[in-house]
Amino acid sequence: MTSSELWTRATADRYDTEESERSSAPVLVPTVAFLAELAGDGPALEFAIGTGRVGIPLRQRGVPVAGIELSEHMAAVLRRKIDEDALPVAIGDMATTTVPGEFTLVYLVYNTITNLLTQDEQVECFRNAARHLTPGGRFVIELGVPPLRFLPPGQVAVPFDVSEGHLGFDTFDLVEQILVSHHLTRDGDDGRYRRGRSRHRYAWPAELDLMARIAGLELERRVADWDGAPFTQDSAKHISVWRKPA
């Protein structure tokens, strides 16, 4: 078992509602198109597939998809939407769990590589992706760039959302590369807020490239979003694609 924190049933049941914007067409259409092009005629494997936000529409596009998910509660929400025969999911961690077959694409979206809280576990995740890939297959990660440029001396917190129904900020342990996301989410119309937090290990693109090399993968390209915009020093996130040599 890895150090990833488990999603509870309550969190899983409200996940799709709270992440509804990421399930909208402007987000999902370019995401699915990008992944489908890389998968080609082969199957895809999603690490930390969650409730199927990306895996299900990718399957509906015609790409055979399998998943690995640590939280049984998240997988149960996915199972309400699609049968096991159409999209099989193995319960386990993405660093060590294996599934049958080889894949032309393995992918991780929405910062989920950071759920692994040690560098060793993140390296093992790359190795696990490599062992599932066919020669010439790709491993894709969507990950935010750590916003440390917003930290003036002595400050350890960076806000990322200040809206009517949600207040979010991240705090940083700069030695251990641990980020803690803090959330205050308004429940209903009574003005009460629910507090939540989650821990993550952030990593820079260059560090991920070294992890990929350890796993025998080569960087193929890096872009700023699913539409393929150039990645620059001002990009807030990146989509990175590594290839397993043929």
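Residues that are hydrophobic (A, V, I, L, M, F, W, C) and open to solvent by 50 Å² or more (accessible area, probe 1.4 Å): does the stretch 143-154 have at least one? Yes, the stretch 143-154 contains at least one residue that is hydrophobic (A, V, I, L, M, F, W, C) and open to solvent by 50 Å² or more (accessible area, probe 1.4 Å).
Only one residue in S240, S198, S163 is at pLDDT below 95, of a type in the set (S, T, N, Q) and under 16 Å from the mean Cα position of the chain (by Cα), so which one is that? After applying the criteria, what remains is S198. Pick from D190, D161: which is over 30 Å from G40 (Cα atoms), without any contact (Cβ under 8 Å) to a residue 12 or more places away in the chain and open to solvent by 70 Å² or more (accessible area, probe 1.4 Å)? When all the criteria are applied, what remains is D190. Note on the stretch 113-129: residues that are open to solvent by 10 Å² or more (accessible area, probe 1.4 Å) and either more than 20 Å from G55 (Cβ to Cβ) or touching a Gly at 6+ places or on another chain (Cβ under 8 Å) (or both) total 8.
Of all the residues in the stretch 59-80, those that are closer than 21 Å to S4 by Cβ, assigned to a loop (DSSP other than H, G, I, E, B) and out of contact with any strand residue (DSSP E or B) (no Cβ under 8 Å at 6 or more places or on another chain) number 1.
Kindly indicate whether any position in the stretch 3-19 is more than 17 Å from N115 (Cα to Cα), of a type in the set (S, T, Y), open to solvent by less than 40 Å² (accessible area, probe 1.4 Å) and assigned to a helix (DSSP H, G or I). No - not one qualifying residue is present in the stretch 3-19.
Being of a type in the set (A, V, I, L, M, F, W, C) and at positive phi is the filter here, so list the residues in the stretch 2-59 that pass it. The answer is A48, and nothing else. If the condition is being over 18 Å from W7 (Cα atoms) and not in a loop (DSSP other than H, G, I, E, B), then the stretch 81-111 contributes F103, T104, L105, V106, Y107.
The values are calculated or read from the model by the stated rules, or taken from the named source; none is laboratory data. This is a predicted model, so every value here is computed, not measured. When we count neighbours, we look across all protein chains shown, and the Cβ atoms used for this are built from the backbone with ideal geometry, even at glycine. All accessible areas refer to the heavy atoms of the entire protein, side chains included, with ligands and DNA or RNA removed. Shrake-Rupley method; radii C 1.70, N 1.55, O 1.52, S 1.80 Å.
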